[in-house]
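*Asks:* Before I ask anything, let me first share the structure, which is written out below as structure tokens.
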Amino acid sequence: MKWLFVFMTTFLFMEFSAWALHRYVMHGFLWILHEDHHVPHQHKFEKNDLFSLFYAVPSFLSILFDHLFKLPFLGAFGYGILAYGFAYFFVHEVIIHRRLKFISLKKNWYFRALNMAHKVHHSNQRKEDGKNFGMLIVPMEYYKKSIQMKKINI
Ligand SMILES: [Zn+2]
Ligand SMILES: [Zn+2]
């Protein structure tokens, strides 16, 4: 139970961590790696994809050390990062940017809200004056808009 708490806290903390990384680092001194995610192109991969390693490495090492030295705290921490990584990948690459096309978001109010918020983030192609740096938690206005759209469609 204790480790489930660590796992869930890590997952939640990751949203904040990803927000801060995006806000202050990716739109800061590492803009050089994030820029190609804001400019339209035809390539399959982006320099921006390298940021996944930023979390994949500590997650992998935490899980590895748990296996080697029986450190369940580190294991729960590592799996929390991993779970967030999967959620982020699913929402950002699959649902929003459609890099893999196997699901539509039109019917789900939550995904539609995340999509709207992130599209606003992308409407600005510059390093400065960005909006909506989070991924799984977005400003309230988008949830409201999304729910209203549903009412219109019915
Ligand atoms: Zn950005
Ligand atoms: Zn994006």
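The values are calculated or read from the model by the stated rules, or taken from the named source; none is laboratory data. Computed from a prediction, not measured in an experiment: that's the story for all the values here. Every residue, glycine among them, receives a Cβ derived from its backbone with ideal geometry; neighbour counts consider all protein chains shown. SASA here: full protein model, heavy atoms, side chains in, ligands and nucleic acids out. Shrake-Rupley method; radii C 1.70, N 1.55, O 1.52, S 1.80 Å.
*Asks:* What residue, among those in the stretch 15-28 that are farther than 17 Å from residue 139 by Cα and away from ligand 2 (no atom under 14 Å from the Cβ), is surrounded by the most Cβ atoms within 10 Å (Cβ to Cβ)? Break it down into steps so the answer makes sense when it comes.
*Replies:* So the first thing to find is which residues in the stretch 15-28 are farther than 17 Å from residue 139 by Cα, and the list is 21, 24-28.
Remaining after also requiring away from ligand 2 (no atom under 14 Å from the Cβ): 24-25, 28.
On the way: 24: 12, 25: 15, 28: 12.
So, considering only residues that are farther than 17 Å from residue 139 by Cα and away from ligand 2 (no atom under 14 Å from the Cβ), the one surrounded by the most Cβ atoms within 10 Å (Cβ to Cβ) is 25.
*Asks:* Only one of 136, 105, 100 is open to solvent by less than 70 Å² (accessible area, probe 1.4 Å), within 27 Å of residue 35 (Cα to Cα) and modelled with pLDDT under 95; which? I'd like the intermediate steps shown before the answer.
*Replies:* Working: 136 fails: modelled with pLDDT under 95; 100 fails: open to solvent by less than 70 Å² (accessible area, probe 1.4 Å).
From the options 136, 105, 100, the qualifying one is 105.
*Asks:* Restricting the search to the stretch 108-131, which residues are open to solvent by less than 30 Å² (accessible area, probe 1.4 Å) and among the aliphatic types (A, V, I, L, M)?
*Replies:* Within the stretch 108-131, 113, 114, 117 meet the criteria.
*Asks:* Please go through the stretch 54-76 and give me each residue that is open to solvent by 70 Å² or more (accessible area, probe 1.4 Å) and either touching a residue at least 24 places away in the same chain (Cβ under 8 Å) or among the β-branched types (Val, Ile, Thr) (or both), ordered by number.
*Replies:* Within the stretch 54-76, 54, 57, 73 meet the criteria.
*Asks:* Something else about it: Mind listing whichever residues of the stretch 111-123 are away from ligand 1 (no atom under 14 Å from the Cβ) and either among the aliphatic types (A, V, I, L, M) or under 14 Å from the mean Cα position of the chain (by Cα) (or both)?
*Replies:* Here is the first cut: in the stretch 111-123, the residues away from ligand 1 (no atom under 14 Å from the Cβ) are 111-116.
Residues satisfying the conditions are 111, 113, 114, 115, 116.
Here's the yes/no breakdown for (1) within 16 Å of ligand 2 (Cβ to nearest atom); (2) of a type outside the set (A, V, I, L, M); (3) modelled with pLDDT of 95 or more:
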residue	(1), (2), (3)
38	yes, yes, yes
41	yes, yes, no
60	no, yes, yes
71	no, no, yes
76	no, no, yes
87	yes, no, yes
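*Asks:* Working carefully through the options 64, 68, 114, 50, find the one that is within 21 Å of residue 25 (Cα to Cα) and among the hydrophobic types (A, V, I, L, M, F, W, C). Explain how you work it out, then say what you get.
*Replies:* Values: 64 fails: within 21 Å of residue 25 (Cα to Cα); 68 fails: within 21 Å of residue 25 (Cα to Cα); 114 fails: within 21 Å of residue 25 (Cα to Cα).
It is 50.
*Asks:* Continuing with this model, one more query. Give the stretch 29-53 a look and list any residue that's more than 18 Å from residue 136 (Cα to Cα), surrounded by fewer than 16 Cβ atoms within 10 Å (Cβ to Cβ) and touching a residue at least 24 places away in the same chain (Cβ under 8 Å), or say none.
*Replies:* 31, 39
*Asks:* So is residue 96 in contact with a His (Cβ under 7 Å, 6 or more places away or on another chain) and either without any contact (Cβ under 8 Å) to a residue 24 or more places away in the chain or within 16 Å of ligand 2 (Cβ to nearest atom) (or both) or not?
*Replies:* It is true that residue 96 is in contact with a His (Cβ under 7 Å, 6 or more places away or on another chain) and either without any contact (Cβ under 8 Å) to a residue 24 or more places away in the chain or within 16 Å of ligand 2 (Cβ to nearest atom) (or both).
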